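A short reminder: the numbers here are calculations on the coordinates, not readings from a lab. Not measured: the values here are computed from a predicted model. Glycine gets a Cβ as well: all are built from the backbone with ideal geometry, and neighbour counts include every protein chain shown.
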Amino acid sequence: MIWRQPEGSPIVDGLPQIFWADGLPWREANLWLMLQATEARKDIATIKSKSASIYAYSKWLEEAEVDWRDFPTRESDRCLVKYRGYLIKSRKANLIAPSTTSQRMRVVIQFYRWLRHTSLLSPEWPMWRESFISIKRSNEFGLERTFTVNTTSLSIPNKSTVGEKLEDGLFPVSEHDRAKILEIAQSLAPREIHLMLMVGFFTGMRIQTLASLAIQTLENAVEDPATPQLYRLAVGPGASPPVSTKNDVTGHVWITKSLLDELMVYCYSAERLLRQAKAKPENRDLVFITRRGNPYADRNKDRSPAINVSMSTLRKIGRKHGISALKVFKFHQTRCTFATELARLAVKAGGAIHAIGIVKDALLHRDESTTIKYIKFIERTPIKISMANDFTKAFLGVTSESHKVL
């Protein structure tokens, strides 16, 4: 039997598919994703984003041993209610971002709406309670318009955490924790992961830049005239070869000679050359290639499923060995750790005004507002430490006096 493409049906290149742990496909989910591309005409990036939310839901269903069609009489026992509780708990533990929490629940609700509409799922009890919310918006002339939005009892508002935020809503790790993370990665993780962590911690590269870094980029590194042990790597669409950056900013990334030398040794190592042999011609010059010969991330995408899986494995290794720094560690923290340390050194050497320009150039920030967050973070840290010390002393003094009275 020979399969032929039906006439008039569009070809969807790169359509993601969801499979259960036993290797069987989740047919209903895969059909919904296909219809998103063919009937709803969603772009492939949107479909991949939705498939990631559905995949996360499928993983939870298997881990929690819950059936996706389970809607018993008691509301708290229904699969969607349980999943909502799991997402909120994960958000509170800082395991997933507030925006990701809301997105995952929203996509799952969209999927179940379609299941109900197509009668692929008709539970005896309602899956959720519907409600309508009126939102007022004013335009530049002061005229108000009211929009009615349909929501459900399962929706999770995008509630951001209170307090200072750096890029991606993450915080840096301490020098001690950074050393522990690199130590455990060097001894127990693949060499590529250790090197990528090194690059992240000591250059501040984003995933999309790191994943599109080419051997030629390293070979074209230029020594900084003011610092012999420091080199500059040309990145961005204007570099030769081009290297992906956020907002297509062209500039230079600093890298130490020791790290540059270590990367060059790796580029011509037997383990990397085996990966290079499996890669397509256009990917063979990449510094980092997966075991199957693929790039670690799609070009211009600052996320990598392959790196996410490696970080999840590293966190499990960390928990097994009692490394608390790895409990909720995310790769993006390497960037804000580098930026915070650079900002601290720059402020110490030349003051906040000069530090802004240095950090902005090194991190390839398009706007100074992002850079200023790091400067403020550094300036406030000693104040908070001093306040914490004074509070501790005062508190210990009060409790000491209380014990004397008792």
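Computed from label points 7 Å out along Cα-Cβ, the spacing between Arg74 and Ile96 is 2.4 nm.
Cα extents for segment 89-135 along the principal axes, largest to smallest and rounded to whole angstrom: 36, 28, 16.
Report the residues of segment 32-67 in range of a label on Val12: point 7 Å along Cα→C-beta, backbone N strictly under 17 Å from it. Under cut-off, by backbone N: 32-56. For Val243, nonlocal amide neighbours, meaning residues 5 or more places apart or on other chains whose placed amide H falls under 5 Å from its own, are Gly236. For segment 39-55 and segment 313-381, write down the distance between their C-alpha centroids in whole Å. First find each Cα centre; the distance between them is then 32 Å.
Just order 78-84, 306-312 by mean Cβ neighbour count inside 10 Å, highest at the front, would you? Kindly include the intermediate steps, with their values, before the conclusion.
Working: 78-84: 20.1, 306-312: 17.0.
Per-residue Cβ counts within 10 Å, averaged per peptide and sorted highest first, yield 78-84, 306-312.
Counting other C-beta atoms within 10 Å, which of Glu262, Glu219 has the fewest, and how do the rest follow? Write out the running numbers ahead of the final one.
On the way: Glu262 15, Glu219 10.
Fewest-to-most ranking of Glu262, Glu219: Glu219, Glu262.
Distance check, please: which entries in Lys42/Lys246; Lys48/Lys373; Lys246/Lys330 exceed 21 angstrom between their Cα atoms?
Working: Lys42/Lys246 23 Å; Lys48/Lys373 32 Å; Lys246/Lys330 19 Å.
In this structure, Lys42/Lys246; Lys48/Lys373 lie more than 21 Å apart at Cα.
With the cut-off at 1.5 for a/c, could you classify segment 161-306 from its C-alpha gyration tensor as rounded, prolate or oblate? Cα axes put segment 161-306 in the rounded bin.
For an R0 of 25 angstrom, estimate the FRET efficiency from the Cβ-Cβ distance between Asp67 and Arg27 and round to the nearest 0.05. Walk me through the numbers before you get to the answer.
Working: r = 15 Å, r/R0 = 0.60.
Once rounded, the FRET efficiency stands at 0.95.
In sequence order, segment 18-26 has phi-based couplings of 9, 10, 7, 4, 7, x, 7, x, 8 Hz under the Karplus curve 6.51 cos²θ - 1.76 cosθ + 1.60, θ = phi - 60°, and Gly or Pro positions carry x.
Placing dummy labels 7 Å off each Cα toward the beta-carbon, the span from Arg41 to Ala349 is 5.4 nm. Note on Lys327: aspartates and glutamates with a C-alpha under 14 Å away, same-chain residues under 8 apart excluded, are Asp177.
The amide H of Gly204, built 1.01 Å from its N in the peptide plane, has no neighbour under 5 Å, considering only residues 5 or more places off or on other chains. Here the Karplus relation 6.51 cos²θ - 1.76 cosθ + 1.60, evaluated at θ = phi - 60°, turns the backbone of segment 119-124 into coupling constants of 6, 6, 9, 9, x, 5 Hz, with x for every Gly and Pro. Computed from backbone phi with θ = phi - 60° and the Karplus coefficients 6.51, -1.76 and 1.60, the 3J(HN,Hα) list for segment 61-67 is 4, 6, 5, 8, 6, 10, 8 Hz; x is used for glycine and proline.
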